[in-house]
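To start, the structure under review is shown below, and the notes come after it.
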Amino acid sequence: MAEGFSFFQKVNTDFDKAAQFTDYPHGLLEQIKICNSSCHFTFPIKRDDGTIQTIHGWRAEHSHHSLPTKGGIRYSTLVNEDEIMALAALMTYKCAIVDVPFGGAKGGIQLDRREYSESELERITRRYTYELIQKNYIGPGIDVPAPDFGTSETEMTWILDTYITMAPDKLNAMACVTGKPIEQNGIHGRKGATGRGVVFGLEEACSITEDMKPLGLSPGLHGKSVVIQGFGNVGYHAAKFLMEGDARVIGILEQNGGIYNPQGFDVEKVAMHRAEAGSICGYPGAKLIENPNDGLELECDILVPAALENQLTAKNAPRIKAAIVAEAANGPTTPAADEILQERGIMIIPDTYLNAGGVTVSYFEWLRNLSHVQLGRLGKRFEDTTQHAMLRAVEKATGYEFSDDERQLIHGADEEDLVNSGLQDAMIRAYQELRETRMQHRSKNDDVDCRTAAFINAIHRIAKSYMQLGIFP
Ligand code: NAD
């Protein structure tokens, strides 16, 4: 509970705010908003020291309007039913915003992974998967998990192996989970997809001169100063791609402290330092921020919360100095903080849109698993050959000889090229739709912020699905 709202209540408040701008029947809006099913289960595990511990796990399927349902699995001490239902709901809206044909789901286990050995985590993950199978909460056409806070490719491999062992139909069983390693039928580009999507979204938002002007910013990412909270999967990749996009990552905040350097960090070097030293703190040439929460209040152009929910609150929102809050994490801004930031003219790019890159590429992975063919496999060689034939024709016609470097620019698209291009397209299109909705409402004198516009678009798309199902006329 943060500032009088549970996480799920916060999501529903955002939904209600957007629903006022639509004219769907109350019953349809209720059906879209409600969590269709959720399940809490407990099971015992034997720890390495021989003691028995009860583990609490959840899976919520927020919306069955489109199947399978889709959403990550989180390992954190904060996991509870309300959080999982809220995150599942966000997944429903997120998929609709980027036009990915899944309902939303989420799962989680209440634990701090740092307190468990690798083999304990494997036993827990396999037993959790077994519970999902028993309760019909997993399957390529039913519900498809993915990584989230506290989980990675490794857990996805254990889930896959457990599912395949028990699956009656093995043909499509690979599609029971996404975020798998490449060797286990994962897809190139999935690991960094959420962070890359965050950067595609920011690039698009920052490219619009008239939106940057009131923030006192020039268009483009070039030279913009960025502070990132959370240097995990999403935070690390967002920081890396922002740096590659010519932004300056001046602050990185982790659980045990943050680092600051106004010149900007080489993100790869910080990651290497953490791999060797076990922490980002102590990175050479950086100023240490002892309390990482203080780092949220640093002077910067873009603040990227990429850790957990409820990080920007009524308490710190008046002191946030960023011009843009880019919600890479789910639910990082409380409703009270949202109001304060909006009043202060800070632009919030909402989670439902900005972190949708993960599920977008998970969709590509799921399609690849069902089609049993690697993306680009059929066309790559053909494209290669025709493009090089074209080069030779140009050389012949002009007498100009292309250099080896120029030749290397020409190649048929491989899987990662296609994944990144599909991701970029999804992020650009969704942002344009979101902005279009804002503009339409502005012309009617309705002040609709980005979060509300994103929810309005999600509601329209889900309502359309229900109508196609013939449930509502
Ligand atoms: P992760 O476990 O890989 O990384 C989270 C990082 O945040 C860790 O390094 C952790 O130490 C750090 N952290 C935790 N509390 C912190 C605090 N108070 N201050 C600073 N750092 C803190 O998790 P992730 O997959 O990167 O997920 C991060 C957020 O992004 C979550 O809200 C998640 O739901 C959301 N998200 C993840 C994905 C995905 O594909 N992994 C997709 C969409 C949204």
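The values are calculated or read from the model by the stated rules, or taken from the named source; none is laboratory data. Computed from a predicted model, the values in this text were never measured in an experiment. Here the Cβ is made from the backbone with ideal geometry for all residues, glycine too, and neighbour counts use every protein chain on show. SASA here: full protein model, heavy atoms, side chains in, ligands and nucleic acids out. Shrake-Rupley method; radii C 1.70, N 1.55, O 1.52, S 1.80 Å.
A few comments on the model shown:
- Positive minus negative residues near Gly223 (Lys, Arg vs Asp, Glu; Cβ under 12 Å): 0
- Straight-distance candidates among the lysines for linking to Lys464, with alpha-carbon spacing under 20 Å and chain neighbours fewer than 8 residues away dropped: Lys17, Lys33, Lys70, Lys94.
- For Lys224, the residues whose modelled amide H falls within less than 5 Å of its own, excluding neighbours fewer than 5 places apart on the same chain, are Arg248.
- Backbone phi angles across segment 431-439, fed through the Karplus curve with coefficients 6.51, -1.76 and 1.60 (θ = phi - 60°), yield HN-Hα couplings of 5, 5, 5, 4, 5, 4, 4, 4, 5 Hz in residue order; Gly and Pro are listed as x.
- With a cut-off of 12 Å between beta carbons, the residues surrounding Leu121 carry a summed charge of -1, where Lys and Arg count +1 and Asp and Glu -1.
- A 1.4 Å probe run over the chain, with the rest of the protein chains in place, finds 43 Å² accessible per residue.
- Expressed as a whole percent, the accessible area of segment 340-473 that falls on carbon and sulfur atoms is 52 (1.4 Å probe).
- Glu115 exposes around 120 Å² of accessible area when a 1.4 Å probe is run over every protein chain in place.
- In Hz, Karplus ³J(HN,Hα) per residue of segment 356-370 (6.51, -1.76, 1.60; θ = phi - 60°; x = Gly, Pro): 6, x, x, 6, 5, 6, 4, 4, 5, 5, 4, 4, 4, 5, 6
- Gyration tensor (alpha-carbon) shape descriptor, the chain, a/c threshold 1.5: rounded
- Overall, the accessible surface of segment 109-222 at a probe of 1.4 angstrom is composed of carbon and sulfur to the extent of 51 percent.
- Over the chain: helical MRE at 222 nm, DSSP H runs n ≥ 4 each giving -39500 (n - 2.57), nearest 500: -14000 deg cm²/dmol
- Rounded to whole Hz, the Karplus (6.51, -1.76, 1.60) HN-Hα couplings of segment 248-254, x for glycine and proline: 10, 8, 9, x, 10, 10, 10
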